[in-house]
Amino acid sequence: MNSSAPIGVFDSGVGGLTVVREIMRQIPNERIVYFGDTARVPYGSKSKETVTRYSAQIVRFLKQQDVKAIVVACNTASAYAMDEIERESEIPVIGVVKPGAKAAIDATKNGRIGVIGTEATIGSQIYTRYIQEQDNSAEVMGKACPLFVPLVEEGLLNDPVTDEIAMRYLSSLIDSGIDTLILGCTHYPLIRAAVGRVMGEGVTLVNPAYETARELRELLETEDMLNRSKPGLGVDRYRFFVSDAAEKFIRFANSIIKYGILSAKIINIEEY
Ligand code: DGL
């Protein structure tokens, strides 16, 4: 595989851009092809079968873009479809759940870890499974926070409404005495400040997006697949594809990534 080939990253919509942002920061030479499934978002309230079918279509699309590795930036897709995606791919695939779980185990001192995410991610118990596979004495407390995604998409990142809802969702986790909390959804790193205010300084917040980019860098290093040549600033460096509402995607993307995203191409993902 050509080491200058791009990394394929996908998510149910805009949230995976928090993972793209970390990849851009940590391995800036890498080219990226991003797909956001803006026509079919949210994944967090859909069934495993549906999310797996959507993910398989996106993987087929990304493989056609000749990517050298795939990052499943969506926690819900990582929770539901990782086995299927790995079976279908001859190229390396990284999800966000394993790196997030591993970072939480490293961070906790009292062995009590909280996880917040979509209903699907929390219901799947995937974080609990990964954590307890590595440390069976760890206790994991999950809490679905479905309103966080629309709050982020409405831009209410620093707003009393977000703090109020965070307080309602997170109070049971505060009471349970966790010292580490995994932000197990693509959107949550964007309201990290609100979550931190509610949880207090004694709780370490783990951002799986950061850990995933770190693991990707390590994987590319080990496999000798890092892009050694600095790509130019041409349009080919980062390419964005969506299944709907490209203008809205571009606006959101530019609010969180400093690169200056000018275009996103709409494709019909059902054809893949
Ligand atoms: N990207 C999803 C996740 O990380 C959140 C949005 C959705 O429900 O699709 O789980």
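The values are calculated or read from the model by the stated rules, or taken from the named source; none is laboratory data. These numbers come from a predicted model, not from an experiment. Quick reminder, even Gly has a Cβ in these numbers, built from the backbone with ideal geometry, and neighbours come from all protein chains shown. Just so you know, the surface numbers come from the protein's heavy atoms only, side chains and all, with ligands and any DNA or RNA stripped out. Shrake-Rupley method; radii C 1.70, N 1.55, O 1.52, S 1.80 Å.
Here residue 268 and residue 248 are evaluated by their C-beta separation; at R0 = 25 Å the FRET efficiency comes out at 0.90. Of the GluC sites (Glu not before Pro) in segment 104-148, not one is in a loop by DSSP (not H, G, I, E or B) with at most 10 other beta carbons within 10 Å. Each residue was assigned an accessible area with a 1.4 Å probe, and for residue 237 the value is about 30 Å². Give the long-range amide H neighbours of residue 242: residues separated by 5 or more places, or on another chain, with amide H under 5 Å away, using H modelled in the peptide plane at 1.01 Å from N. Here 36, 265, 266, 267 satisfy the definition. Taking the Cα centre of the chain as origin and assigning +1 to Lys and Arg Cβ atoms and -1 to Asp and Glu Cβ atoms, the resulting dipole is close to 540 debye.
Rounded to the nearest whole Hz, the Karplus-based 3J(HN,Hα) values (6.51 cos²θ - 1.76 cosθ + 1.60, θ = phi - 60°) of segment 67-73 follow the sequence 7, 9, 7, 10, 10, 8, 6, with x at glycine and proline. Farthest toward the dipole's positive end in segment 125-248, which of 136, 171, 229, given Cβ charges of +1 (Lys, Arg) and -1 (Asp, Glu) about the Cα centre? Projecting each Cα onto the dipole axis, the largest value belongs to 229. Relative to the longest principal axis of the Cα atoms of the chain, the long axis of helix 97-107 lies at roughly 50 degrees.
In order along segment 113-129, the phi-based Karplus estimate (6.51 cos²θ - 1.76 cosθ + 1.60, θ = phi - 60°) of 3J(HN,Hα) comes to 10, x, 9, 10, x, 6, 4, 5, 4, 5, x, 6, 6, 5, 5, 4, 4 Hz; Gly and Pro are listed as x.
Each Lys or Arg adds one and each Asp or Glu takes one away; over the other residues whose Cβ falls under 12 Å from the Cβ of residue 177, this sums to -1. Computed from the C-beta positions of residue 154 and residue 221 and an R0 of 51 Å, the FRET efficiency is 0.85 to the nearest 0.05. Phi angles of segment 153-170 translate, via the Karplus equation with coefficients 6.51, -1.76, 1.60 and θ = phi - 60°, into HN-Hα couplings of 5, 7, x, 8, 6, 10, 8, x, 4, 5, 4, 4, 5, 4, 4, 5, 5, 9 Hz per residue; Gly and Pro are given as x.
Overall, the ratio between the Cα radius of gyration of the chain and 2.2 N^0.38 Å, rounded to two decimals, is 0.96. Computed from Cα atoms, the angle from the helix 75-88 axis to the main principal axis of the chain rounds to 50 degrees. Amide hydrogen proximity for residue 180: with H placed 1.01 Å from N in the peptide plane, the residues at 5 or more positions away or on another chain lying under 5 Å are 114, 204.
Considering only 147, 23, 4, the residue lying farthest towards the positive end of the dipole of the chain is 4, judged by Cα position with unit charges set on Cβ. Segment 32-99 and segment 138-192 have Cα centres lying 24 Å from one another.
Annotation: amide H-H contacts under 5 Å for residue 69 (H modelled 1.01 Å from N, sequence separation of 5 or more, or interchain): 8. Simple spin-label estimate for residue 109 and residue 129 gives 3.2 nm between the two label positions (7 Å along the Cα-to-Cβ direction from each Cα). Using C-alpha pairs below 8 Å separated by at least 6 residues, the relative contact order for the chain is 27 percent. In this Cβ point-charge picture (+1 for Lys and Arg, -1 for Asp and Glu), segment 1-154 has a dipole of about 80 debye about its Cα centre. To test your reading of the geometry: what angle, between 0 and 90 degrees and rounded to tens, separates the Cα axis of helix 208-222 from the longest principal axis of the chain? For helix 208-222, the angle is close to 50 degrees.
Please give, to one decimal in nm, the separation of the simple spin-label points placed at residue 228 and residue 64, each 7 Å out from Cα toward the Cβ. It is 3.3 nm.
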